[in-house]
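Bear in mind these aren't lab numbers, they're just calculated from the coordinates by the rules spelled out. Bear in mind the structure is a predicted one, so any value in this text is a computation, not a measurement. Glycine gets a Cβ as well: all are built from the backbone with ideal geometry, and neighbour counts include every protein chain shown.
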Amino acid sequence: MRIDLNADVGEGMGDDAALMALVTSANVATGAHAGGGRVLGDTVAEAVRRGVAVGAHPSYRDRAGFGRRSLLGTLRTDSSACRAFAADLVEQVLGVAAAVERRGGSLTHVKAHGALYNEAVADQLAADLVVGAVLDAAERCGYPIALVTQPGGRLARAGAEAALPVVREGFVDRGYRADGALVARGQPGALLGDVPAMVEQALALAAGSVRSVDGTAVAVPVETLCVHGDTPQALAAAAAVRGALEAAGWEVAHPGAPG
């Protein structure tokens with residue numbers, strides 16, 4: 001009866017400080033799709049101050065498109081671009097790790113952002129790039145780093161095969177298809193629009209299933225729930241979800257917390 005509540009933060013929007021009073025894990029933007037620099041440092045400092053587990057939230061280098069434009073076609077056909085991106089991913093992760101370590105903590109996890117996150121669930125090349133970056137970063141840091149991803153996808157399998165700790169993630173504010181995948185942004189049902197619906201979905205996910213957009217129940221075993229920090233309802237949703245989970249008997253804590 002323990003579950004983690006995470007949020008994507010450090011993107012230069014929303015009230016990250018207030019959000020981190022509610023969540024137990026923070027996925028900090030590396031600067032590739034948003035944030036970076038002073039925003040990254042301030043976000044990490046606030047997370048460490050509050051005892052929130054800090055992860056890196058790397059992505060394709062796409063600030064104009066907020067990391068939601070795919071570069072996978074280029075990586076598949078251009079080996080030099082693929083090698084450069086693999087190295088860039090490691091540096092993104094290490095940048096957040098260094099910010100955490102300067103404040104006396106350790107990086108706990110990596111969760112890819114946007115197009116890279118979704119493609120790593122379904123595509124082997126994208127999955128291998130993310131796993132390789134986490135393995136490389138963990139070796140350089142000298143401690144284990146977990147991988148956060150959706151259950152059942154290529155990234156979860158690749159992470160497990162590489163002996164990485166894999167934390168399975170569910171989304172309280174996104175619609176699900178009958179196959180357990182997320183409804184693509186821009187499609188009907190992709191985003192849950194009201195807080196009560198998010199609370200209902202969070203409780204269902206914590207119990208191991210979700211109602212898809214076509215009404216079928218889908219098994220989705222998870223250890224962490226995500227509230228996107230860039231949605232207008234993020235604060236209200238995080239507060240309501242955490243309150244509902246605790247009222248239902250769940251201990252809300254990050255996976256590495258003493259239990």
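Observations on the model:
- Fully extended contour minus Cα-Cα distance, from Tyr143 to Ala84, at 0.36 nm per residue: 18.8 nm
- Using a Förster distance of 30 Å, the FRET efficiency for Arg69-Asp214 (Cβ separation, nearest 0.05): 0.60
- The simple Förster model, with R0 at 25 Å and r as the Cβ-Cβ distance, assigns Ser106 and Asp194 a FRET efficiency of 0.10.
- Summary value for the range 2-252: 20 percent relative contact order, contacts being C-alpha pairs under 8 angstrom separated by 6+ residues.
- Basic side chains Lys and Arg get +1 at the Cβ, acidic Asp and Glu get -1 at the Cβ, and with that the dipole of the range 2-252 about its Cα centre reaches some 200 debye.
- Over all other residues within a Cβ to Cβ distance under 12 Å of Ile3, the charged ones net out to -2, with Lys and Arg as +1 and Asp and Glu as -1.
- Positive dipole terminus of the range 1-125, leading residue within Ala81, Leu71, Thr108 (C-beta point charges): Thr108
- The range 1-107: C-alpha gyration tensor shape, a/c 1.5 cut-off, then a/b vs b/c: prolate
- Coarse-grained scattering of the range 181-259 at q = 0.11, 0.18, 0.21, 0.27 Å⁻¹, given as base-10 log I(q)/I(0) from a Debye sum over alpha-carbon atoms: -0.30, -0.81, -1.09, -1.52
- Residue-count net charge about Gln233 - beta-carbon cut-off 9 Å; Lys, Arg +1, Asp, Glu -1: -2
- The stretch between Thr77 and Val183, if pulled fully straight at 0.36 nm per residue, gains 35.4 nm over its current Cα-Cα span.
- Computed over the chain, the per-residue total of -39500 (n - 2.57) for DSSP H runs of n ≥ 4 gives a 222 nm mean residue ellipticity of -13000 deg cm²/dmol, rounded to 500.
- Between Ala253 and Arg2, the distance separating the two model label sites (each 7 Å from Cα on the Cα→Cβ line) works out to 0.5 nm.
- When each of Cys226, Cys141 is scored by the number of other beta-carbon atoms lying within 10 Å, the sequence from fewest to most is Cys141, Cys226.
- Backbone HN-Hα couplings from phi across the range 116-122 [Karplus 6.51/-1.76/1.60, Hz, Gly and Pro as x]: 5, 4, 5, 5, 5, 5, 10
- Under 10 Å, Cβ to Cβ, from Val148 - net charge with Lys/Arg +1 and Asp/Glu -1: -1
- Translational diffusion of the chain, µm² s⁻¹ [Kirkwood Rh, Cα pairs; Stokes-Einstein; 20 °C; 1.002 mPa s]: 119 µm²/s
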